[in-house]
């Protein structure tokens, strides 16, 4: 494992997220390129690398201007890294549909935890707004994950 | 941890500054046109306000007003809006070097947008009103009823702990109550959009519309001091 494989893409994607994601924002929702990167790393290098890289990326995100729930990002990105690691080498064993469904579910789960914590009061007051927030956030990032699939498919990592 | 977060905020603000500059240039022409229009409107308003001020001065003298509240505002530029998938905080380009410290109110001319939570030397993190942990003690005018405001999504907010027997109508103005060490009284917050009776409770629920679109503003003000000056 070469450290450059992590450091260079990590910094590059962090800069993209920091500088460009705001241009792609739909109202208050923005694509999350960092989680896509963690997913790629986890599928390529496995659970341990996925979890550790997820934690570090999460720390980087929280240090880049998070007002409350400091520590939530390391948690959810570690979860994504850990779950994504299970997909390492599984493309040849799984039906392609289930493989794709698996990573879509992992991303959806990550955003579910995020929204569950960030919008906990909305969940009680108006669940419809909560679901809209969750689905909106998830779908927008999934759109970009889907576009990246065309250029650099996840199964090629296997 | 606070020092690390302050330092990291400085770094993020520094990295984001070229992109902020590019963004400013993109909106320059549009902003210029809007400012010209605003200038004309404000010139007319200033004329009428000068007359009102004269009248107010006379009335104040008559009532023997001793104290006058003055807010010290620090203008700031939004350099970054965080990198989380949802907009919950922003980074502004003023910090401890500009007398900005944690727990100072941040607002636009339309109303409150949040408060500072962490400060570096040249940048600060602002917790937006859209954050789940954000609460604001407010007063509804003209009834004078008070309550606690929390964000509900987009530009909607909810005010709870409002007494049931007060008369509140749609369109009533919402301001800060002053029951806080952070927010001075009288800052604009929003308008009433709906009033609901909570069944089995002695309280009302008031829905409010916030004037600021959280995703669009580029400039804010930080209230760095509230000084009481004797006339």
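The values are calculated or read from the model by the stated rules, or taken from the named source; none is laboratory data. Just so it is clear, the structure is predicted and the values come from calculations on it, not from any experiment. Neighbour counts run over all protein chains shown; Cβ positions are idealised from the backbone, glycine included.
Among the residues making up segment B:51-75, those that are at pLDDT 80 or above and either in a helix (DSSP H, G or I) or within 14 Å of another protein chain (Cβ to nearest Cβ) (or both) are B:52, B:53.
For first residues located in segment B:1-26 and farther than 16 Å from residue B:124 by Cβ, partners that are buried (at least 16 other Cβ atoms within 10 Å of the Cβ) and lie 6+ apart or on another chain with Cβ distances below 6 Å form the pairs B:19/A:19. There is no residue in segment A:35-52 that is within 26 Å of residue B:126 (Cβ to Cβ), part of a helix (DSSP H, G or I) and more than 9 Å from every other protein chain (Cβ to nearest Cβ).
Could you grab me the full set of residues in segment B:133-144 that are in contact (Cβ under 8 Å) with a residue 24 or more places away in the chain and buried (at least 17 other Cβ atoms within 10 Å of the Cβ)? Steps first, answer last, please.
Initially, segment B:133-144 is screened for residues in contact (Cβ under 8 Å) with a residue 24 or more places away in the chain, giving B:136-143.
The answer is B:136, B:137, B:138, B:139, B:140.
Only residues that are within 14 Å of chain B (Cβ to nearest Cβ) and part of a helix (DSSP H, G or I) were counted across segment A:53-107, and they come to 16. Highlighted here are the strands (runs of 3 or more DSSP E) found entirely within segment B:96-190 that include at least 1 residues which are more than 14 Å from chain A (Cβ to nearest Cβ) and either under 21 Å from residue A:121 (Cα atoms) or in contact with a strand residue (DSSP E or B) (Cβ under 9 Å, 6 or more places away or on another chain) (or both): B:105-108, B:111-119, B:136-141, B:145-153, B:156-163, B:173-176.
Within segment B:191-217, restricting attention to residues that are within 21 Å of residue B:88 (Cα to Cα) and at pLDDT below 90, the residue that is farthest from the other protein chains (Cβ to nearest Cβ) is B:211.
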